[in-house]
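Right, one structure below, let's go through it.
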Amino acid sequence: MRIATIAVGALALASSAAAQDAAIEPTVFDGDYLSVGALAAYGPTYAGSDDYTVYPVPLVQGSFHGVAIDPRSGGLALDFIPDPADGLGFNLGVAGRVRLDRAHRIKDPVVRSLGKLDTAVELGPTAGVTIPHLLNAYDSLTLGTDVLWDVAGAHKGMVVDPAVTYFTPLSRGIAASLSLSAEYADSKFADYYYTITPAGSLASGLPVFDAGSGFTRAGANVLLGFDLDGNLANGGLAVVAVGGYSRMLGDARRSPVTSVRGSANQWLAALGIGFTF
């Protein structure tokens with residue numbers, strides 16, 4: 001789930017293409033709308049793991065009275081600034097998600113001997129800007145950042161998630177995006193997920209390790225959306241495919257849960273379907 005933060009925005013492809021085409025014809029995205037769906041994703045069991053598993057990723061995307069609802073990995077974001085019909089668009093709102101790293105599905109028996117971690121609930125502001133019409137009349141470049149704090153008492157820290165996404169339609173019924181993202185974590189977060197205490201070393205046989213703040217990962221995702229009737233503007237059913245790669249960085253890469261028992265290379269593949277009305 002860690003590297004899917006941008007990928008789960010799949011249903012936004014259809015809305016972006018249709019919104020930019022709104023001056024030509026009415027679309028299902030004019031005013032209030034809702035997109036729902038699900039992906040089956042294949043990815044690491046925890047951030048830094050070399051064990052992989054299949055897991056569901058729900059999707060929710062929409063707009064209600066000018067407030068945009070955007071998906072996040074394990075959560076969603078609300079944008080309170082409506083985008084203009086043309087020109088720069090600004091995003092400002094709140095984001096939240098649930099982080100399940102090492103809370104379940106731990107396949108590695110050595111990592112499992114460290115004990116299960118608590119589920120984190122992260123909340124905070126999100127802001128960004130969208131620049132339209134870079135290379136053609138319908139593409140866009142979006143720069144954004146989420147700043148989130150754990151409010152559930154798990155890692156009790158802060159994470160910063162910057163991202164850059166380029167979107168372009170490939171045809172009337174197909175759209176694509178390339179997203180580059182990263183994660184910066186404070187010392188509380190790093191200590192909770194990547195430190196190996198003397199007690200943990202005794203239980204697992206892993207070396208003692210003291211993790212500090214810094215960037216934990218950086219990666220890229222490629223996403224394709226296929227409208228099943230060949231028209232993104234009228235909603236209905238769409239198929240979404242995602243491929244992604246990220247690299248663990250800093251103490252998240254040097255931690256024994258990654259360097260000894262896992263891998264710094266993290267891969268993601270997902271396929272799903274959504275419906276817009």
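Can you spot a residue in region 229-242 that is among the charged types (D, E, K, R) and buried (at least 16 other Cβ atoms within 10 Å of the Cβ)?
Among the residues of region 229-242, not one is among the charged types (D, E, K, R) and buried (at least 16 other Cβ atoms within 10 Å of the Cβ), which makes the answer no.
So, in region 141-159, how many residues would count as being surrounded by fewer than 20 Cβ atoms within 10 Å (Cβ to Cβ), under 30 Å from GLY89 (Cβ atoms) and in contact with a Phe, Trp or Tyr (Cβ under 8 Å, 6 or more places away or on another chain)?
2
Does region 92-139 hold any residues that are in a strand (DSSP E or B) and hydroxyl-bearing (Ser, Thr, Tyr), and which are they?
Residues satisfying the conditions are THR126, THR130.
Counting just the residues of region 126-140 that are among the hydroxyl-bearing types (Ser, Thr, Tyr) and at pLDDT below 95, which one comes out surrounded by the fewest Cβ atoms within 10 Å (Cβ to Cβ)?
Top of the filtered list is TYR138.
Could you give me the residue pairs with C-beta distances under 8 Å whose first residue belongs to region 57-71 and is charged (D, E, K, R), whose second residue is modelled with pLDDT of 90 or more and surrounded by fewer than 17 Cβ atoms within 10 Å (Cβ to Cβ) wherever it lies, and which are 6+ apart or on separate chains?
Pairs that qualify, where the first residue is charged (D, E, K, R) and the partner is modelled with pLDDT of 90 or more and surrounded by fewer than 17 Cβ atoms within 10 Å (Cβ to Cβ), are ASP70/LEU78.
Can you tell me which residue in region 25-79 is farthest from GLY93 (Cα to Cα), limited to those that are in a loop (DSSP other than H, G, I, E, B) and of a type in the set (A, V, I, L, M, F, W, C)?
Selected residue: ALA47.
Quick check on this structure: which one of TYR166, TYR193 is on the phi < 0 side of the Ramachandran plot, surrounded by fewer than 18 Cβ atoms within 10 Å (Cβ to Cβ) and of a type in the set (Phe, Trp, Tyr)?
TYR166
Checking ASP83 against (1) out of contact with any Lys or Arg (no Cβ under 7 Å at 6 or more places or on another chain); (2) assigned to a strand (DSSP E or B); (3) buried (at least 16 other Cβ atoms within 10 Å of the Cβ), which single condition isn't satisfied?
Failed condition: (2).
Within the bounds of region 151-172, is there any residue that is within 20 Å of ARG99 (Cα to Cα), acidic (Asp, Glu) and not in a strand (DSSP E or B)?
No, that holds for no residue.
Report the residue count in region 30-61 for those that are in contact with a Leu (Cβ under 9 Å, 6 or more places away or on another chain) and either surrounded by 21 or more Cβ atoms within 10 Å (Cβ to Cβ) or at pLDDT 95 or above (or both).
12
Residues are listed down the side, and each one gets a yes or a no for (1) under 27 Å from ALA203 (Cβ atoms); (2) out of contact with any helix residue (DSSP H, G or I) (no Cβ under 8 Å at 6 or more places or on another chain):
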residue	(1), (2)
LEU88	no, yes
ALA103	yes, yes
ILE106	yes, no
LEU114	yes, no
THR119	yes, yes
LEU143	no, yes
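Could you please let me know if LEU223 is touching a Gly at 6+ places or on another chain (Cβ under 9 Å), in a strand (DSSP E or B) and within 30 Å of ASP30 (Cβ to Cβ)?
yes
Going through ARG217, ARG253, ARG247 one at a time, which residue ends up being charged (D, E, K, R), closer than 30 Å to SER35 by Cα and either touching a residue at least 60 places away in the same chain (Cβ under 8 Å) or outside any loop (DSSP other than H, G, I, E, B) (or both)?
The unique qualifying residue is ARG217.
Residues of region 109-125 being touching a residue at least 40 places away in the same chain (Cβ under 8 Å), buried (at least 17 other Cβ atoms within 10 Å of the Cβ) and in contact with a Lys or Arg (Cβ under 6 Å, 6 or more places away or on another chain), which ones?
Within region 109-125, VAL111, LEU117, GLU122 qualify.
ALA68 versus (1) farther than 18 Å from THR142 by Cβ; (2) surrounded by fewer than 21 Cβ atoms within 10 Å (Cβ to Cβ): which is the lone unmet condition?
Every listed condition holds for ALA68 apart from (1).
The values are calculated or read from the model by the stated rules, or taken from the named source; none is laboratory data. The structure displayed is predicted, hence computed values, not measured ones. In this analysis, Cβ positions are derived from the backbone assuming ideal geometry, glycine residues included, and neighbour counts consider all displayed protein chains.
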